[in-house]
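Engineer: If you scroll down you'll find the structure; I have some questions about it.
The values are calculated or read from the model by the stated rules, or taken from the named source; none is laboratory data. Computed from a prediction, not measured in an experiment: that's the story for all the values here. Cβ sites come from the backbone with ideal geometry, for glycine too, and all protein chains shown count toward neighbours. Surface accessibility is based on the protein's heavy atoms, side chains included, excluding ligands, DNA and RNA. Shrake-Rupley method; radii C 1.70, N 1.55, O 1.52, S 1.80 Å.
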Amino acid sequence: MKKNRSEIQVIVDFLKCVQDGDEESQVSSILRKVNITYAKYKELAESLTSNGLVEVRANGDKQVLILTQKGANFIKDYEKFKKLIESNYGFKI
């Protein structure tokens with residue numbers, strides 16, 4: 001049985017996609033790599049922007065998302081938490 005991702009895992013995947021994508025952090029690229037709908041993209045982009053984890057910048061006629069330092073710290077903290085839970089308690093996150 002395939003396990004669905006948690007909401008937090010979707011957020012981390014979204015942030016990692018933005019982090020890894022140079023000028024490619026555009027809507028279509030994120031939709032494809034994170035495997036989310038456009039409606040979910042809009043919801044996450046708005047939430048992550050309002051919480052300071054990503055910024056929206058213009059690149060010519062397109063808008064791209066840029067990971068902020070706060071967003072990078074979120075990814076690091078999530079990875080630390082994930083390792084702690086998996087190594088100390090045996091749960092797979």
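Engineer: Just the accessible area for THR68, please: 1.4 Å probe, Å², rounded to the nearest 10?
Structural biologist: Result for THR68: roughly 20 Å² accessible.
Engineer: Still on this structure, I have one more. So with the 1.4 Å probe, I'd like the accessible area per residue for the chain, rounded to whole Å².
Structural biologist: On a per-residue basis, 69 Å².
Engineer: Let me ask something additional. Quantify, in whole percent, the carbon and sulfur part of the accessible surface of the chain (1.4 Å probe; protein heavy atoms only).
Structural biologist: Carbon with sulfur: 52 percent of the solvent-accessible area.
Engineer: Quick one: net charge around PHE14, please, counting Lys, Arg +1 and Asp, Glu -1 for every other residue with C-beta under 13 Å from its C-beta.
Structural biologist: Its environment carries a net charge of +1.
Engineer: May I ask for log10 I(q)/I(0) of the chain at q = 0.12 Å⁻¹, from a Debye sum over the Cα atoms as equal point scatterers with solvent left out?
Structural biologist: For the chain at q = 0.12 Å⁻¹, log10 I(q)/I(0) is -0.40.
Engineer: Order the following by accessible area, largest value first: ASP13, ASP61. Probe radius 1.4 Å; ligands, DNA and RNA are ignored.
Structural biologist: My answer, sorted largest first, is ASP61, ASP13.
Engineer: While we're here: Note down the magnitude of the dipole of the chain about its Cα centre, charges +1 on Lys and Arg C-beta and -1 on Asp and Glu C-beta and zero elsewhere, to the nearest 20 debye.
Structural biologist: 440
Engineer: When we measure straight from the Cα of LYS40, which lysines land under 17 angstrom away, once same-chain ones fewer than 8 places off are left out?
Structural biologist: Filter leaves LYS16.
Engineer: If you wrap a convex hull around the C-alpha atoms of the stretch 38-88 and split its volume per residue, what is the figure in Å³?
Structural biologist: Output value, Cα hull per residue: 91 Å³.
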